[in-house]
1. Restricting attention to segment 2-42, and to residues there that are under 18 Å from V81 (Cβ atoms) and aliphatic (A, V, I, L, M), which single residue is surrounded by the most Cβ atoms within 10 Å (Cβ to Cβ)?
2. Criterion first (small (G, A, S), over 21 Å from P2 (Cβ atoms), out of contact with any Phe, Trp or Tyr (no Cβ under 8 Å at 6 or more places or on another chain) and at pLDDT 90 or above) does G134 satisfy it?
3. Output yes when any residue across segment 113-124 is modelled with pLDDT of 90 or more and crowded, with 16+ Cβ neighbours inside 10 Å, and no when none is.
4. Could you say which residue among L139, L129, L63, L56 is crowded, with 16+ Cβ neighbours inside 10 Å, under 18 Å from I21 (Cβ atoms) and modelled with pLDDT of 90 or more?
5. Within segment 56-71, identify whether any single residue is farther than 13 Å from T11 by Cβ, in a loop (DSSP other than H, G, I, E, B) and in contact (Cβ under 8 Å) with a residue 60 or more places away in the chain, and answer yes or no.
6. Could you check segment 66-109 and list, in sequence order, the residues that are out of contact with any helix residue (DSSP H, G or I) (no Cβ under 8 Å at 6 or more places or on another chain) and among the aromatic types (F, W, Y)?
7. Of the residues in segment 81-92, how many are buried (at least 19 other Cβ atoms within 10 Å of the Cβ) and without any contact (Cβ under 8 Å) to a residue 60 or more places away in the chain?
8. Any residue at all in segment 80-91 that is farther than 25 Å from I21 by Cβ and assigned by TED's automatic domain parsing to the domain that holds R142?
Amino acid sequence: MPITLPYEFDTTREGTWVVKIMLGLEFIVAVGIVYSLGVSRSWPAVLQLSLTGAVLLFFILRLVKNLTGSIGTITANEIVVKRRNVYGLEFSGPAGVFSLHQFTAVRVEETSGSPSPDVQSGPHERIYLVGKNGTPDILIARTSRGSGEDGITMGQDFGGLLNLPCERKRVPY
């Protein structure tokens with residue numbers, strides 16, 4: 001499928017699902033605390049659930065702080081980028097309006113996936129717009145080999161569409 005402008009992208013889908021699941025677990029812990037306080041009046045349960053909720057909240061905040069990815073639109077002249085916000089928790093990553101002249105290339109980062117059989121991550125690519133001095137690199141697409149998507153071709157299409165060179169980079173998992 002050819003890429004056309006304006007191109008809308010959202011590279012936060014996986015991270016958004018993880019954060020929503022973790023927040024759901026936090027909600028279940030909070031309900032357990034309320035039940036333990038109001039119905040069973042079990043102070044050991046309140047203490048244990050409070051500690052569990054605090055540890056889970058710590059990990060949620062660390063995760064959100066380190067999640068990258070953006071939502072945005074690429075037009076013929078500019079790129080408008082927003083950060084993902086999940087129930088008031090904002091992902092890190094670039095935000096703003098950038099001129100296409102602020103970018104030097106399209107970079108396709110290829111990875112072979114995890115070597116561990118316990119981690120289900122296959123070969124995939126991440127496609128970035130590479131920023132000039134002071135302009136952040138912006139993740140605009142993710143592809144998964146074997147799903148019919150080809151990150152190299154997609155990166156070359158972006159490069160041709162935006163008049164930017166396309167570079168390939170192999171990255172270890």
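1. Across segment 2-42, the extreme among qualifying residues is I3.
2. Considered against the rule, which asks whether it is small (G, A, S), over 21 Å from P2 (Cβ atoms), out of contact with any Phe, Trp or Tyr (no Cβ under 8 Å at 6 or more places or on another chain) and at pLDDT 90 or above, G134 comes out as yes.
3. Step one: filter segment 113-124 for residues modelled with pLDDT of 90 or more, giving none.
Checked against the condition, which is being modelled with pLDDT of 90 or more and crowded, with 16+ Cβ neighbours inside 10 Å, segment 113-124 yields no hits at all.
4. Sole residue among the options that is crowded, with 16+ Cβ neighbours inside 10 Å, under 18 Å from I21 (Cβ atoms) and modelled with pLDDT of 90 or more: L56.
5. Of the residues in segment 56-71, the ones farther than 13 Å from T11 by Cβ are 56-66.
Those left that are additionally in a loop (DSSP other than H, G, I, E, B): none.
Scanning segment 56-71, I find no residue that is farther than 13 Å from T11 by Cβ, in a loop (DSSP other than H, G, I, E, B) and in contact (Cβ under 8 Å) with a residue 60 or more places away in the chain, so the answer is no.
6. Of everything in segment 66-109, just one residue is out of contact with any helix residue (DSSP H, G or I) (no Cβ under 8 Å at 6 or more places or on another chain) and among the aromatic types (F, W, Y), namely F98.
7. Final tally of qualifying residues: 1.
8. Yes: segment 80-91 contains one or more residues that are farther than 25 Å from I21 by Cβ and assigned by TED's automatic domain parsing to the domain that holds R142.
The values are calculated or read from the model by the stated rules, or taken from the named source; none is laboratory data. Just so it is clear, the structure is predicted and the values come from calculations on it, not from any experiment. So basically every Cβ, Gly included, is an ideal-geometry build from the backbone, and we count neighbours across all protein chains shown.
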